[in-house]
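Asks: There's a structure below that I have some questions on.
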Amino acid sequence: MTRRLISSGSRFEAKIGYSRAVVDGDWVHVSGTTGYDYAAGTIAPDVVAQCRQTLANIEAALTQAGCGFDDVLRVHYYLLDAAEFPSCWELLRGAFGTARPAATMLVVAGLAQPEMRIEIEVTARRAGARA
């Protein structure tokens, strides 16, 4: 099996010592991902904009790993406020609606930075492995 590390360029990866994603054979493990725009170094203040950017960041990692949202088998959502979750559903359905992965939503007391409103992590298996 081949193990490959994927980086998004996030400053947190180098500071903390982790990868955006790890490809291990046909499995793809995407770390908890937030709504930072890594190119601009910014994060929007509202949860919907953060969710949109989070999904873009995850999609970039999945693409580098050779798969996409339809290959996601498991997703974990972490939010500061459960009341904000429904405002993200349309975006989440757009990303995961076809794959319909097993999912868990957790309300947490805080994320790594105070401006973060949502964090999403996924596990995928490349389609060729399931054929």
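The values are calculated or read from the model by the stated rules, or taken from the named source; none is laboratory data. Predicted model, so just to flag it, every value in this text is computed and none were measured. Every residue, glycine among them, receives a Cβ derived from its backbone with ideal geometry; neighbour counts consider all protein chains shown.
Asks: Just one of 52, 100 is at positive phi and either in a loop (DSSP other than H, G, I, E, B) or touching a Leu at 6+ places or on another chain (Cβ under 7 Å) (or both); which is it?
Replies: Answer to the selection: 100.
Asks: Same structure again: Before we move on, is residue 104 loosely packed, with under 12 Cβ neighbours inside 10 Å, modelled with pLDDT of 95 or more, closer than 21 Å to residue 21 by Cα and of a type in the set (Ser, Thr, Tyr)?
Replies: yes
Asks: Are any residues in segment 1-55 surrounded by 14 or more Cβ atoms within 10 Å (Cβ to Cβ), out of contact with any Cys (no Cβ under 7 Å at 6 or more places or on another chain) and hydrophobic (A, V, I, L, M, F, W, C), and if so, which ones?
Replies: Across segment 1-55, the qualifying residues are 6, 12, 21, 22, 23, 27, 30, 43, 44, 49, 55.
Asks: So which of 124, 95 is among the small types (Gly, Ala, Ser), surrounded by 18 or more Cβ atoms within 10 Å (Cβ to Cβ), within 14 Å of the chain's Cα centre (by Cα) and not in a strand (DSSP E or B)?
Replies: The conditions single out 95.
Asks: I'd like the residue in segment 56-71 that is of a type in the set (A, V, I, L, M) and surrounded by fewer than 21 Cβ atoms within 10 Å (Cβ to Cβ) and, out of all such residues, is farthest from residue 84 (Cα to Cα).
Replies: 60
Asks: Right, next: Assuming residue 86 fulfils every condition listed in (1) in a helix (DSSP H, G or I); (2) within 14 Å of the chain's Cα centre (by Cα) apart from one, which condition is it?
Replies: Evaluating residue 86 over (1) in a helix (DSSP H, G or I); (2) within 14 Å of the chain's Cα centre (by Cα) leaves (2) as the failure.
Asks: If you go through segment 24-49 one residue at a time, how many are outside any strand (DSSP E or B) and free of Cβ contacts under 8 Å to residues at least 40 places away in the same chain?
Replies: Residues in segment 24-49 being outside any strand (DSSP E or B) and free of Cβ contacts under 8 Å to residues at least 40 places away in the same chain: 6 in total.
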